[in-house]
Amino acid sequence: MPLITVVLTLIVVGVLLWLVNTYIPMAGSIKTILNAVVVIAVVLWLLYGFGVLGHSGEIRLPVVK
């Protein structure tokens, strides 16, 4: 996964989340849940993208010799 794709995606997701938090009125607890879901989704996407997590869910760690 190219680094520019990662950076641009993180910027777009961050701006969209900021826009939702700023301009859409909702309860504070719903904003907290929304923020947590977005952060978890982005972290999982990064782990899949860099090959730490496989598509079957196993965790791949480098072998240390």
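Name the single residue that is surrounded by the most Cβ atoms within 10 Å (Cβ to Cβ) among those in the range 7-32 being aliphatic (A, V, I, L, M) and over 14 Å from the mean Cα position of the chain (by Cα). Lay out the reasoning, then the answer.
In the first step, residues of the range 7-32 are kept if they are aliphatic (A, V, I, L, M); the result is 7-8, 10-13, 15-17, 19-20, 24, 26-27, 30.
Then keep just the ones that are over 14 Å from the mean Cα position of the chain (by Cα); that gives 19-20, 24, 26-27, 30.
On the way: LEU19: 10, VAL20: 14, ILE24: 10, MET26: 11, ALA27: 8, ILE30: 10.
Here the residue is VAL20.
Which is free of Cβ contacts under 8 Å to residues at least 24 places away in the same chain, in contact with a Lys or Arg (Cβ under 8 Å, 6 or more places away or on another chain) and not in a loop (DSSP other than H, G, I, E, B), of ASN21, ASN35? It would help to see each step written out before you state the result.
Numbers: ASN35 fails: in contact with a Lys or Arg (Cβ under 8 Å, 6 or more places away or on another chain).
Selected residue: ASN21, the only one of ASN21, ASN35 that is free of Cβ contacts under 8 Å to residues at least 24 places away in the same chain, in contact with a Lys or Arg (Cβ under 8 Å, 6 or more places away or on another chain) and not in a loop (DSSP other than H, G, I, E, B).
Throughout, read-outs are computed from the coordinates displayed, never taken from laboratory work. Note that the coordinates shown come from a computational prediction; the quantities given were computed from them, not determined experimentally. Quick reminder, even Gly has a Cβ in these numbers, built from the backbone with ideal geometry, and neighbours come from all protein chains shown.
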